[in-house]
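So the structure is just underneath, and the comments pick up after that.
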Amino acid sequence: MKYAVFLVFLFFSIHATQAQESLSKDISYAYLEKLIAVCKTNYPKVKMYEARVNVAENGVKKAKLSYFDIFSLSYLYSPSNNTATVSDKFLGGYQFGFFANIGSILQKPNLIKQAKGEFAAAQYDKEAYDLNMEAEVKKRYFIYIQKVVSLRVRSGSLLDVESMLANVRHRFEKGEETLENYNKLLIMLSDHQQNIINAESEMLVAKSSLEELLGQKLEDIK
């Protein structure tokens, strides 16, 4: 009976140790900033927004350069001959003309303004997406660290249970412990082993989820 009480006390001691674990010592904000930078470099959708900004910027340049389309220069060549009249001789040779499209002149400021607006909108879209992406990287990183710590805690608990089981087995073989208590520890060991499997699976899923945004393995990011 006394040993059963000891088992219960030790069981709660294990969970108290788990509760004392903290994520803060495992989180590296410098490494997190590096992960965000890697994401911005590799993630396809980030590149898509950058491409949209570049296209919109080129649109502004194109709209400004199109001012030259307003004006046109033309010439007419009329060969001279000896039989021509005085007026024909006056009109002979090269004749140049310079033309301006008034309608285009009036439209250009609005076209440039529209191009600048599209450029600004593309920039705002990219900035908003960058903020969302940073938040998503942080969330997945914190979840990954949580799963790493959880796995470490459960691994420590498993070692404690294995140590308890070795002690109880020794006492049971000497006839100093009941079969009931021995079986309880075997069940506890089985539960902790299953918890380890679950924790490993959750950690790997969280790692994979984070690496999806990074475009490379965490092991390759130093």
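The values are calculated or read from the model by the stated rules, or taken from the named source; none is laboratory data. Computed from a predicted model, the values in this text were never measured in an experiment. Heads up, the Cβs are rebuilt from the backbone with ideal geometry, glycines too, and the neighbour counts pull from every protein chain shown.
Where residues in the range 17-59 are among the β-branched types (Val, Ile, Thr), touching a helix residue (DSSP H, G or I) at 6+ places or on another chain (Cβ under 8 Å) and modelled with pLDDT of 85 or more, which of them is surrounded by the most Cβ atoms within 10 Å (Cβ to Cβ)? Only one residue fits best here, namely 36. For the range 172-185, a residue qualifies if it is aliphatic (A, V, I, L, M) and either surrounded by 17 or more Cβ atoms within 10 Å (Cβ to Cβ) or touching a Lys or Arg at 6+ places or on another chain (Cβ under 9 Å) (or both), and exactly one does: 185.
A quick yes/no check of all residues on (1) without any contact (Cβ under 8 Å) to a residue 60 or more places away in the chain; (2) surrounded by 13 or more Cβ atoms within 10 Å (Cβ to Cβ); (3) of a type in the set (Lys, Arg):
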{"position": "126", "(1), (2), (3)": "no, yes, yes"}
{"position": "134", "(1), (2), (3)": "no, yes, no"}
{"position": "155", "(1), (2), (3)": "yes, yes, no"}
{"position": "163", "(1), (2), (3)": "yes, no, no"}
{"position": "170", "(1), (2), (3)": "yes, no, no"}
{"position": "190", "(1), (2), (3)": "yes, no, no"}
{"position": "201", "(1), (2), (3)": "yes, no, no"}
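Only one entry of 174, 184, 207 meets the criterion of being under 25 Å from residue 220 (Cα atoms) and of a type outside the set (Gly, Ala, Ser), and that entry is 207.
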